[in-house]
């Protein structure tokens, strides 16, 4: 296959997909055109640059999703362990959040817990379907690590509103399962260089968290 023909087919394919208004017939016609040329040149197949780039991009996206999920999973575990300490060691043996004035500020972890787990509750808002969205902030040595790699230090976790009230009160370890779906933003472009840097950050984070969680 001539380089010019391959580049022409590749350019037409890119134009169609970039416009996002193409018909299946348009892609089919390009395939027919390519097939006829391959038959004429007596070649079995050819791989256009577009598909190689698409596969590379898909792999990068998959790699990033896995790395970012690891960050969210670790942070959720950190919060769960902080709440466990709060209900076991705090004066009132509970952890609560809500919009009622009696519960509004009760979500803050005791200072010794923050020192050990490097996370603190900051605020709460109401999400869809009446669940709560609890906002947390990374602190201490863990905060320094996030800042080193220019990553956000605040994150949120969904808390199920199991009672349909304006507050959530957790007094038992199994109730910590009301927390789920940790979400945190990120500073990382979907290119190999940025994802490689993000991977280094995640590796260092995991090492730090292993030490923090084992305390």
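The values are calculated or read from the model by the stated rules, or taken from the named source; none is laboratory data. The structure displayed is predicted, hence computed values, not measured ones. Using ideal geometry, Cβ is built from the backbone for each residue, glycine included, and neighbour counts are taken over all protein chains shown.
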Name the residue that is farthest from residue 93 (Cα to Cα), counting only residues in region 118-150 that are in contact (Cβ under 8 Å) with a residue 60 or more places away in the chain and not in a helix (DSSP H, G or I).
138
Which numbered condition trips up residue 50, out of (1) in a helix (DSSP H, G or I); (2) at pLDDT 90 or above; (3) surrounded by fewer than 17 Cβ atoms within 10 Å (Cβ to Cβ); (4) over 22 Å from the mean Cα position of the chain (by Cα)?
(2)
Please enumerate the residues belonging to region 146-167 that are touching a helix residue (DSSP H, G or I) at 6+ places or on another chain (Cβ under 7 Å), surrounded by 14 or more Cβ atoms within 10 Å (Cβ to Cβ) and farther than 12 Å from residue 75 by Cβ.
149, 159, 160, 161
